[in-house]
1. Answer with yes or no whether Lys80 is without any contact (Cβ under 8 Å) to a residue 40 or more places away in the chain, under 28 Å from Pro34 (Cα atoms), assigned to a loop (DSSP other than H, G, I, E, B) and charged (D, E, K, R).
2. Taking the range 63-75 only, how many residues are touching a residue at least 12 places away in the same chain (Cβ under 8 Å) and in a loop (DSSP other than H, G, I, E, B)?
3. Scanning the range 3-24 for residues that are surrounded by 10 or more Cβ atoms within 10 Å (Cβ to Cβ) and polar (S, T, N, Q), which turns out modelled with the lowest pLDDT?
4. Find all pairs meeting these conditions: Cβ atoms under 9 angstrom apart; at least six residues apart or on different chains; first residue within the range 137-154 and without any contact (Cβ under 8 Å) to a residue 24 or more places away in the chain; second residue surrounded by 20 or more Cβ atoms within 10 Å (Cβ to Cβ).
5. Taking the condition assigned to a loop (DSSP other than H, G, I, E, B) and within 16 Å of Val152 (Cα to Cα), does Tyr93 pass?
6. Just give me the residues in the range 101-154 being loosely packed, with under 14 Cβ neighbours inside 10 Å and outside any loop (DSSP other than H, G, I, E, B), in sequence order.
7. Looking at the range 61-89, which of the residues that are acidic (Asp, Glu) and at pLDDT below 95 is farthest from Leu129 (Cα to Cα)?
8. Working only within the range 32-58, note down all residues that are among the small types (Gly, Ala, Ser) and either in contact with a helix residue (DSSP H, G or I) (Cβ under 9 Å, 6 or more places away or on another chain) or farther than 24 Å from Asp71 by Cβ (or both).
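The values are calculated or read from the model by the stated rules, or taken from the named source; none is laboratory data. Just so it is clear, the model here is predicted, and its values are computed rather than measured. Heads up, the Cβs are rebuilt from the backbone with ideal geometry, glycines too, and the neighbour counts pull from every protein chain shown.
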Amino acid sequence: MELSNRGLGVLETIMAIAIIALLSWVVFEGTKSPRAKSRDTERVNNIKYIQSVLQNYFNENRNYPASLDPDSLVPTYTRKIPKDPSTGKDYLYAVISLSKTRRCLNYHLGAKLEITELESDVFKNDADLAPQANICPGSAADFDGADPVYDVGQ
């Protein structure tokens, strides 16, 4: 009898671990969407903030910076340039020049969102700009602003 009691204890322990693992997975999956939406909200807010930084830069320099390089923007226009909350990478940014003047008078700024529901309200307020070929010297190549990229332009 002692042997079967010990075996039952091991079986109960294995079952308890399996149930805990299953419940942990369910809880983790259940909170995945709110966390993604939270990061997307932060991305959209960061894009809006960077827009204001770029506008301040433009007001003083009469063109946009070729990149979101901290050397040209920090500390005069911002304390720091926000990065993507998941990857820590820079946001998508390209500066577009006008062909006759070659001045950098337009930009395209964006972030790839985790939201996949394209009918989401957030996508009703973005530009969905197509890539442009006339890029300013020193700028990254332009990107496709089609959803799920939240993009703005100037």
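1. Working: without any contact (Cβ under 8 Å) to a residue 40 or more places away in the chain: yes; under 28 Å from Pro34 (Cα atoms): yes; assigned to a loop (DSSP other than H, G, I, E, B): yes; charged (D, E, K, R): yes.
Judged against the criteria, Lys80 is a match.
2. The number of residues fulfilling the criteria is 6.
3. Top of the filtered list is Ser24.
4. Hits for this filter: Asp144/Leu129; Asp144/Asp151; Ala146/Leu129.
5. No; evaluated as a whole, the condition is false for this residue.
6. Of everything in the range 101-154, those that are loosely packed, with under 14 Cβ neighbours inside 10 Å and outside any loop (DSSP other than H, G, I, E, B) turn out to be Asp121, Lys124, Asn125.
7. So, considering only residues that are acidic (Asp, Glu) and at pLDDT below 95, the one farthest from Leu129 (Cα to Cα) is Asp71.
8. Those that are among the small types (Gly, Ala, Ser) and either in contact with a helix residue (DSSP H, G or I) (Cβ under 9 Å, 6 or more places away or on another chain) or farther than 24 Å from Asp71 by Cβ (or both): Ser33, Ala36, Ser38.
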